[in-house]
1. Quick one: which of 73, 81 is within 24 Å of the chain's Cα centre (by Cα) and modelled with pLDDT under 90?
2. Can you give me the number of residues within segment 34-49 that are out of contact with any Phe, Trp or Tyr (no Cβ under 9 Å at 6 or more places or on another chain) and assigned to a helix (DSSP H, G or I)?
3. Residues that are part of a helix (DSSP H, G or I), surrounded by 12 or more Cβ atoms within 10 Å (Cβ to Cβ) and touching a helix residue (DSSP H, G or I) at 6+ places or on another chain (Cβ under 7 Å): does segment 50-59 have at least one?
4. From the list 95, 22, pick out the single residue that is in a loop (DSSP other than H, G, I, E, B) and modelled with pLDDT of 90 or more.
5. Could you run through segment 100-124 and say how many residues are more than 26 Å from residue 213 (Cα to Cα) and open to solvent by 50 Å² or more (accessible area, probe 1.4 Å)?
6. For segment 157-166, which positions are under 12 Å from residue 202 (Cα atoms) and exposed (fewer than 15 other Cβ atoms within 10 Å of the Cβ)?
7. So, residue 17, is that one modelled with pLDDT under 90 and over 23 Å from the mean Cα position of the chain (by Cα) or not?
8. Could you tell me how many of the residues in segment 175-200 are part of a helix (DSSP H, G or I) and open to solvent by less than 80 Å² (accessible area, probe 1.4 Å)?
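The values are calculated or read from the model by the stated rules, or taken from the named source; none is laboratory data. Every value quoted in this text rests on a predicted model; they were computed, and no experiment measured them. Note that we place each Cβ from the backbone using ideal geometry, even for glycine, and neighbour counts take in every protein chain shown. Heavy atoms of the whole protein, side chains included, go into the accessibility calculation; ligands, DNA and RNA do not. Shrake-Rupley method; radii C 1.70, N 1.55, O 1.52, S 1.80 Å.
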Amino acid sequence: MDKALLADAVRQLDKLVGVRFLGSALPQAVRQFNSLLETAQSLYPSRPDILALEGYELATLVDAEAFRDVVRRLKVALELRPPGSLSENVAEIQLPSDAPDDLSEDLQEFCEAVGLNLRKTALLLAGSIAEALLLLRHSDDSDKGPGLAHLVSQARNQRLFGRDTLRQLETLNDYRDLIHTRAGPRNRIVVNDARVEHAVMALKLLCAELKDVSVRF
């Protein structure tokens, strides 16, 4: 089990034990917690906050309230982000003031995909969000729109953004092709952390450019 899956498993356990009940925690829940805690301590051998947590003897009754507390402590510990982490950079992305609510939902989904290490999902969402942001400032109101490649090309011709922003956006357009099965091998695009970092930076730069609402095609 990797770190992303572990964190998700603990979140789900926290939801299950979040329903208030009196008495003792269920034996199945205790066994599940012990297993997840053991995995967490093996994956984070230098984290004192995780190492300080203790599992339970299966033969003893576990107070329900105390059990909820320790599950949430493990959940919080696993959700901590180290300084400069990719998730921290994603959290710094600020949509422009004219962005619609559904775009905020897409950005939230992008953040969750990055946090759960869903790399391909993150790359595809980044391209979709970038295209939606560009369309906010474009006069084209057709159902299909001109497409990300055309939008970036037009932005370059009109010198709307800095060269570094345009380079990042051009790469995002390549990532959108990953929706097709053979596109990755054909374009030699390996879905990895480095490319997710690139996608995050592209959105950060674009949102910073679009902070000025006067920027228009």
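1. Details: 73 fails: modelled with pLDDT under 90.
Exactly one residue qualifies, and that residue is 81.
2. So the answer is 11.
3. As a first pass, look at segment 50-59 and keep what is part of a helix (DSSP H, G or I): 50-51.
Retained after the next criterion (residues that are surrounded by 12 or more Cβ atoms within 10 Å (Cβ to Cβ)): 50-51.
After this cut, where a residue has to be touching a helix residue (DSSP H, G or I) at 6+ places or on another chain (Cβ under 7 Å) as well, the list is 50-51.
Among the residues of segment 50-59, at least one is part of a helix (DSSP H, G or I), surrounded by 12 or more Cβ atoms within 10 Å (Cβ to Cβ) and touching a helix residue (DSSP H, G or I) at 6+ places or on another chain (Cβ under 7 Å), which makes the answer yes.
4. Numbers: 22 fails: modelled with pLDDT of 90 or more.
Answer to the check: 95.
5. 7
6. Answer for segment 157-166, where residues must be under 12 Å from residue 202 (Cα atoms) and exposed (fewer than 15 other Cβ atoms within 10 Å of the Cβ): 162, 163, 164.
7. Considered against the rule, which asks whether it is modelled with pLDDT under 90 and over 23 Å from the mean Cα position of the chain (by Cα), residue 17 comes out as yes.
8. In the first step, residues of segment 175-200 are kept if they are part of a helix (DSSP H, G or I); the result is 175-179, 183-187, 193-200.
Checking the rest, the ones that are also open to solvent by less than 80 Å² (accessible area, probe 1.4 Å) come to 175-178, 183-184, 187, 193-196, 198-200.
Looking only at that region, the number is 14.
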